[in-house]
1. If we keep just the residues of segment 152-165 that are among the aliphatic types (A, V, I, L, M) and more than 20 Å from N70 (Cβ to Cβ), which is surrounded by the most Cβ atoms within 10 Å (Cβ to Cβ)?
2. Mind counting the residues in segment 65-98 that are in a loop (DSSP other than H, G, I, E, B) and crowded, with 23+ Cβ neighbours inside 10 Å?
3. What are the residues in segment 142-171 that are closer than 19 Å to K85 by Cα and part of a loop (DSSP other than H, G, I, E, B), if any?
4. Please identify the pairs in which a residue from segment 90-108 that is not assigned by TED's automatic domain parsing to the domain that holds L68 has its Cβ atom under 8 Å from the Cβ atom of a residue that is modelled with pLDDT under 95 and not hydrophobic (A, V, I, L, M, F, W, C), counting only partners at least 6 apart or on another chain.
5. Looking only at segment 52-76, filter to residues that are without any contact (Cβ under 8 Å) to a residue 40 or more places away in the chain and in contact with a Phe, Trp or Tyr (Cβ under 7 Å, 6 or more places away or on another chain); which one of those is farthest from E171 (Cα to Cα)?
6. Tell me which of these E139 doesn't satisfy, since it passes every other one: (1) in a loop (DSSP other than H, G, I, E, B); (2) surrounded by 13 or more Cβ atoms within 10 Å (Cβ to Cβ).
7. Every residue in segment 31-63 that is part of a helix (DSSP H, G or I) and loosely packed, with under 11 Cβ neighbours inside 10 Å, please.
8. Given the conditions (1) farther than 15 Å from T72 by Cα; (2) in a loop (DSSP other than H, G, I, E, B), report the number of the one that K123 does not fulfil.
Amino acid sequence: MILTCLLGIVSVSYGQKKNKDSKDKASTGKTDYKKPGAPLPELKVVTPKGEHITNKTLQNSANLLVMLFNPTCEHCEEETRRLAKNIFLFKKSNIVLMATENMMPYLEYFENTTNIKQYPTLKYGIDSAGFINKTFIYESLPQINIYDKDRKLVRIFSGDTPIDSLKKYIE
């Protein structure tokens with residue numbers, strides 16, 4: 001009986017703590033950008049040429065695919081080649097590839113290994129707005145986040161992603 005009471009107290013305490021954590025999160029106004037339906041956080045990608053890609057420059061009425069990558073990652077290189085090979089499918093959807101700020105010196109290597117410069121609709125650069133810290137789920141690279149026309153998160157893919165898996169999100 002004592003054991004049952006103790007378990008009950010622990011359960012209630014845990015439930016109250018969980019509820020308090022939810023209220024704290026709601027009261028601080030922090031958004032979990034990793035959950036479906038979350039809005040697209042501020043996006044600012046600096047290209048190797050010093051150009052800036054932002055939420056505003058990516059506005060259109062189609063889905064947005066954001067690929068978080070490491071320019072020295074073979075899986076990321078292969079995913080980029082797969083996207084480039086199927087670029088004809090992306091008539092309206094924007095595609096942006098972003099790496100962390102410290103990866104800028106490696107982008108030239110990435111350009112050479114993937115021939116990404118041949119595909120001007122594949123935009124790429126480094127994250128300068130903390131987008132990766134807000135959205136990366138730390139499972140594997142590359143990670144592709146898909147946002148709908150209203151820029152709400154629809155789906156996250158981690159690791160190698162076949163084009164067939166992306167097709168229903170491409171416009």
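The values are calculated or read from the model by the stated rules, or taken from the named source; none is laboratory data. Small disclaimer: the values here were computed from a predicted structure and weren't measured. Because the Cβ atoms are built from the backbone with ideal geometry, glycine has one as well, and the counts that use them run over all protein chains shown.
1. L153
2. The total comes to 2.
3. The answer is P142, G159, D160, T161, P162, I170, E171.
4. none
5. The qualifying residue farthest from E171 (Cα to Cα) is T72.
6. Of everything listed in (1) in a loop (DSSP other than H, G, I, E, B); (2) surrounded by 13 or more Cβ atoms within 10 Å (Cβ to Cβ), E139 misses just condition (2).
7. If the condition is that a residue be part of a helix (DSSP H, G or I) and loosely packed, with under 11 Cβ neighbours inside 10 Å, then K56 is the only one that fits.
8. (2)
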